[in-house]
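Worksheet for the structure shown next.
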Amino acid sequence: MPLVIIETVCPDDTEHYRRVTTRYNDLEHFTLPTWDEVKATAREYEAHTDDRLVLDTRRPLSECVEEALAYVRMSSAA
């Protein structure tokens, strides 16, 4: 099976901030990143240029999952 890359993005800073600051952490001994840490990581991020699916997570989850599964199936068949 080939490597399949799926990148998720939330280009709406207001929504992204809301998601980061309202997350619930149920992992013991794991600290979620702060908004400042998320933004710092984003500034350092090097965009991928290889084949990948980019999903805008502002869309409904069911649509994102359906598109991701279709992409994986298509990639596996190639």
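The values are calculated or read from the model by the stated rules, or taken from the named source; none is laboratory data. What you see is a predicted model; the values in this text were computed from it and never measured. Ideal geometry is used to build each Cβ from the backbone, glycine not excepted, and the neighbour counts take in all protein chains shown. Just the protein is used for accessible areas: all its heavy atoms, side chains included, with ligands, DNA and RNA removed. Shrake-Rupley method; radii C 1.70, N 1.55, O 1.52, S 1.80 Å.
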Quiz prompt | Kyte-Doolittle at least -1.0, axis length at least 18 Å by Cα - qualifying DSSP helices, the chain | solution = 61-77
Quiz prompt | Summed residue charge, Cβ within 13 Å of Cys64's Cβ, Lys/Arg positive, Asp/Glu negative | solution = -3
Exercise. Kindly report the accessible area of the chain per residue (heavy atoms of protein chains, probe 1.4 Å, no ligands, DNA or RNA), in Å².
Key: 82 Å²
Quiz item: Can you pull the percent of the chain's accessible area that's carbon plus sulfur, 1.4 Å probe, other chains left in place?
Solution: 55 percent
Practice problem: Within the set of other residues whose C-beta is less than 14 Å from the C-beta of Leu3, count the net charge using Lys and Arg as +1 and Asp and Glu as -1. | Solution: -2
